[in-house]
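**Student:** Before I ask anything, let me first share the structure, which is written out below as structure tokens.
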Amino acid sequence: MLLFSIFGYPVAHSISPRLHNTVLQALKLDGCYIRKAITDPEKLMAMFHAMKLEGANVTVPHKETAFAQCDEVRGIAKEIGAVNTLVREGTRVIGYNTDAEGFYEAIKPFGYIRNALILGAGGTAKAIAIILKAHQIETTILNRSASRLSFFEAKGFTCKTWQTFTPLPYDLIINTTSAGLKDEEYPCEPELLKNIFAHSKYVFDVIYNKPTPFLELAKNYGLTCKDGKEMLLYQGVFAFNLFFSQHYDVKMIESLMRPAFDI
């Protein structure tokens, strides 16, 4: 049996096993996708080998550690510096990032976007920033502290902390922080968010299946909102495709995965 897993902490809430197992069963493949909570990121690759996995997805907070531990990194992941998909090739583990394309696929219904503001500066923020840049969308990064902004500054992004930020009109606001996942927190001060939302069009929260305070506040301003469900769906579709050497049609994988996703 082919075994796949999701690595991260926490992972109990992840619906990735349901998505991937649905496709495995529909294609009559002898495989299973499970969850594995990893608290010590340094053990991530050792766990991949110990479990004899064919592939895995990596979620917060281990995406940057996974990048460093891969035998090889391919595609846009090289520029992002974060990996969310691991694929076995013989004795080697290859790292990819499907968060970036998954996010971009999810925001396509918004239509034309001139500029964007990303809240947070972790691995997911890196993926989103790089894919927005690839599509010529002017992007600003806003983070509580300056310590994690060096990556973005080196890539030429406009970077601000809460103390140095002055709100401007942004078409798209994206929350990449975990604020609201297990609490009722905002990614930054509510008054600052209100100033930002007053001049925005679209809002995206990478958190899914939970009405976060961030999204609830955005809805109060009449903004078009999306949570991270479709980003999760599309990154899963692209990851499954990589697990099987891109043997299957992406649209076919999506058509099989989406019903499980909508349960």
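**Student:** In a GNM of the chain with a 10 Å cut-off on Cα contacts, which of E230, E184, E105 has the highest mean-square fluctuation?
**Tutor:** Highest fluctuation of the listed residues: E184.
**Student:** What percent of all Cα-Cα pairs in segment 156-217 falls into each 10 Å bin, going from 0 up to the bin containing the maximum distance?
**Tutor:** Bin by bin from 0 Å, the calculated values are 20, 56, 23, 1.
**Student:** Tell me which of A134, F197, G180 sits at the most positive position along the dipole axis of segment 101-226, charges placed on C-beta atoms (Lys, Arg +1; Asp, Glu -1).
**Tutor:** A134
**Student:** Continuing with this model, one more query. Could you look at the chain and say what percent of its accessible area is carbon and sulfur, using a 1.4 Å probe and all protein chains?
**Tutor:** Carbon with sulfur: 51 percent of the solvent-accessible area.
**Student:** For segment 104-149, which trypsin sites (Lys or Arg not before Pro) are both in a DSSP coil and crowded by at most 14 other Cβ atoms within 10 Å?
**Tutor:** Those that pass, being in a loop and sparsely packed, are R114.
**Student:** State, as an integer percentage, the relative contact order of the chain based on alpha-carbon contacts under 8 Å between residues 6 or more apart.
**Tutor:** Over the chain, the number comes to 17 percent.
**Student:** Only Cα pairs under 8 Å and at least 6 apart count here; give the relative contact order of segment 1-54 as a rounded whole percent.
**Tutor:** About 51 percent, as a whole number.
**Student:** Do any chymotrypsin sites (Phe, Trp or Tyr not before Pro) in segment 140-209 lie in a DSSP loop with no more than 11 other beta carbon atoms within 10 Å, and if so, which?
**Tutor:** Within segment 140-209, no chymotrypsin sites (Phe, Trp or Tyr not before Pro) qualify (loop, at most 11 other Cβ atoms within 10 Å).
**Student:** Same structure, new question: So if the hydrodynamic radius of segment 101-226 is defined as the Kirkwood radius over C-alpha pairs, what does Stokes-Einstein give as its diffusion coefficient at 37 °C and 0.692 mPa s, in µm² per second?
**Tutor:** 228
**Student:** Can I ask one more? With unit charges on the beta carbons (Lys and Arg positive, Asp and Glu negative) and the dipole taken about the Cα centre of the chain, which residue among F110, V206, P259 sits farthest to the positive side?
**Tutor:** P259
**Student:** Could you do me a favour and compute the accessible area per residue for segment 39-156, 1.4 Å probe, result in Å²?
**Tutor:** 42
**Student:** Right, next: Hey, how much of the P(r) for the chain falls beyond 23 Å, as a percent of Cα pairs?
**Tutor:** Percentage above 23 Å: 50.
**Student:** Also, I was wondering about something else. If I require 18 Å or longer along the helix axis, counting alpha carbons, and a Kyte-Doolittle average no lower than 0.5, what helices from the chain are left? Use full DSSP H segments.
**Tutor:** Result, helices passing both filters: 229-243.
The values are calculated or read from the model by the stated rules, or taken from the named source; none is laboratory data. As the structure is a prediction and not an experimental result, all values here were calculated from the model. All Cβ positions, even for glycine, are placed from backbone atoms using ideal geometry, and neighbour counts span all protein chains on display. Areas reflect the complete protein model, heavy atoms only, side chains present, ligands, DNA and RNA absent. Shrake-Rupley method; radii C 1.70, N 1.55, O 1.52, S 1.80 Å.
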